[in-house]
Amino acid sequence: MKAQARIVSSRTIYEGRMVTLKLESLVEPGGVIVRREVVCHPGSVVMLPCFPDGSVLLVRQYRHAARQSLWELPAGTLEPNENPRHAAQRELAEETGYQARQLKLLGEFFPSPGILSEKMRLFETSGLVPSHARPDADERIRVHRFSRRALRRMVRAGRIHDGKTLVGLLWFLQGAERERR
C-alpha cells in the first residue's frame, strides 16, 4: 500500500481565526478515490502540571461545543512558527499562573484524525513556580490541584470527558502504577 494519498483537488470552504475547512478530492493509499472534509489546525500543546507531592493541576472552563464546563489539562494552540516548548510555557502561565522549570515531551497524538489535522504535543511540566495567570479575554478558568487518588477516581467514574486530558492522565496514572511495582 502507498504511504501517502494523492490530492487531486483542494478547495477552502471556510477560513476562521483558528481553523480552516477544506473540501479535498484524493486518491487514498490503496487506490480508493474519495472526497474528504478536513479541518486544518496549526497544532497545540497540552501540559501535565505535576507537583512533588504527586498532585496534578487541572483547569475547568466552559466548552461550547460540548455544551458544558470540563475539567482539563491546560492546553493551547500554537502561534505561527512557534516552538512547542515555548508555547507550553506560555499557555501554562496564561491559564494556571505557574511557570515550569522542567518540560519533558511525553508524546504527540492526533485527537480526531478522521477530520482534523491538529497534532497535540503532551508535555510533563514540573518544578512549578507561582507566576501570574493571564487568561485570554474570553476565558473564565478555574484552577484546582487533584491528588493521584482523586484523579484515578475521576477517570474511573467517567468524570473526565476531554480526550487530551484522558490521554495525559492515563499516562500519568500508568506511570504511577509502574513506580509502585
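Rule-based calculations on the coordinates, nothing more; no lab input. What you see is a predicted model; the values in this text were computed from it and never measured. Virtual Cβ from ideal backbone geometry, glycine too; neighbours counted across all protein chains shown.
Let me have the relative contact order for the chain, percent, based on Cα pairs under 8 Å that are six or more residues apart. If you can, show how the numbers build up before the last one.
Numbers: 352 pairs, mean separation 38.1, N = 181.
It comes to 21 percent, rounded to a whole number.
Any idea what the dipole of the chain comes to, in debye rounded to 20, about its Cα centre with Lys/Arg Cβ at +1 and Asp/Glu Cβ at -1?
Details: 30 positive and 20 negative charges, 143 e Å.
Charge dipole of the chain: 680 debye, to the nearest 20.
For a quick check of your reading of the filter: which trypsin sites (Lys or Arg not before Pro) in region 17-108 sit in a DSSP loop and have no more than 12 other Cβ atoms within 10 Å?
Values: sites: Arg17, Lys22, Arg35, Arg36, Arg60, Arg63, Arg67, Arg85, Arg90, Arg101, Lys104; in loops: Arg17, Arg67.
Here the trypsin sites (Lys or Arg not before Pro) that fit, given the DSSP loop and packing criteria, are Arg17, Arg67.
Which residues make up the longest stretch of the chain clear of GluC sites (Glu not before Pro) that lie in a DSSP loop with no more than 16 other Cβ atoms within 10 Å, not counting the sites? Show your work: numbers first, answer last.
Working: sites that count: Glu82, Glu139.
Segment 1-81 is the longest.
Once each part is reduced to its C-alpha centroid, what is the distance from region 74-126 to region 1-20 in angstrom?
For region 74-126 versus region 1-20, the Cα centre distance is 23 Å.
Could you give log10 I(q)/I(0) at q = 0.16, 0.25 Å⁻¹ for region 62-160, computed by the Debye formula over C-alpha point scatterers of equal weight, without solvent?
-0.86, -1.53
If R0 is 22 Å, what FRET efficiency do you get for Glu24 and Lys119 from their C-beta distance, rounded to 0.05? Can you show the working numbers first?
Working: r = 18 Å, r/R0 = 0.82.
Efficiency at R0 = 22 Å is approximately 0.75.
If I take the Cα coordinates of the chain and project them onto the principal axes, what are the three extents in Å, biggest first?
Principal extents (Cα only, largest first): 54, 43, 32 Å.
Using the Cα centre of the chain as origin and beta-carbon charges of +1 (Lys, Arg) and -1 (Asp, Glu), tell me which of Gly97, Ala5, Leu58 is placed farthest towards the positive end of the dipole.
The residue sitting most towards the positive pole is Leu58.
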